[in-house]
Structures are given as structure tokens and as C-alpha cells.
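Data block below; observations after.
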Amino acid sequence: MSEVVYNRIAMLRAERGISRRQLAEALGVHYQTVGYLERGEFSPSLHLALRIAHHFEVPVETIFSATPFPRLGT
């Protein structure tokens, strides 16, 4: 059973013009952690996932999913 957690962190960062370093500082994590999360190399703890959702002011399921998100556009 795969335990991959898909996310939209990079998309949300780009929409808001936030760098990895800025997001990391806001969350209190190392900037490389944000990169690992975005690439799917690291799955966040529930606490970190909730902090990310709170930072972006969206529900956690908007950012994270156990299945791939559908592609936007064609």
C-alpha cells in the first residue's frame, strides 16, 4: 500500500508569490522541508499539514490528498 501524500503547496505558493524560504519561516521549518513536501519526498505530520492549511487559509483537503489531484486545464 502506497503512503504517498499528494499536495498543491507549490501551486498555492506561486499564486501568492511566496518563496519556499518565506513559507518555511512562517511555518517554523527548514526551507528544504518545503521542497521535500512539494516533491512528495516527505509526508507532513498532521500538525504540519494543519499549519500549512491555516497559513493558506484553506481546508486541509484543498492542499493534501491520498490520490492525485485532477489536472487543471488541458
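The values are calculated or read from the model by the stated rules, or taken from the named source; none is laboratory data. Keep in mind it's a predicted model, so treat the numbers as computed, not measured. Methodologically, a virtual Cβ is constructed for each residue, glycine included, from the backbone with ideal geometry; neighbour enumeration extends over all protein chains shown. We work out accessible area using only protein heavy atoms, side chains counted, and drop any ligands, DNA or RNA first. Shrake-Rupley method; radii C 1.70, N 1.55, O 1.52, S 1.80 Å.
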Under the 7 Å Cα-to-Cβ spin-label approximation, Ala66 and Ser19 lie apart by a distance in nanometres of 3.7 nm
Note, region 39-44: 3J(HN,Hα) by Karplus (6.51, -1.76, 1.60, θ = phi - 60°), whole Hz, Gly/Pro = x, goes 7, x, 7, 8, 9, x
For q = 0.15, 0.25 Å⁻¹, what log10 I(q)/I(0) does the chain give under the Debye formula with an equal point scatterer on each alpha carbon and no solvent? -0.46, -1.32
Before rounding to the nearest 500, sum -39500 (n - 2.57) across all DSSP H runs of length at least 4 in the chain and divide by the residue total; then give [θ] at 222 nm in deg cm²/dmol. -14000 deg cm²/dmol
Could you please state how large a percent of the accessible area of region 1-40 is carbon and sulfur, counting protein chains only and using a 1.4 Å probe? 48 percent
For the chain, accessible area per residue (1.4 Å probe, heavy atoms of protein chains only), Å²: 70 Å²
Highest first, please rank the peptides 50-57, 66-73 by the mean number of other Cβ atoms sitting within 10 Å of their residues. 50-57, 66-73
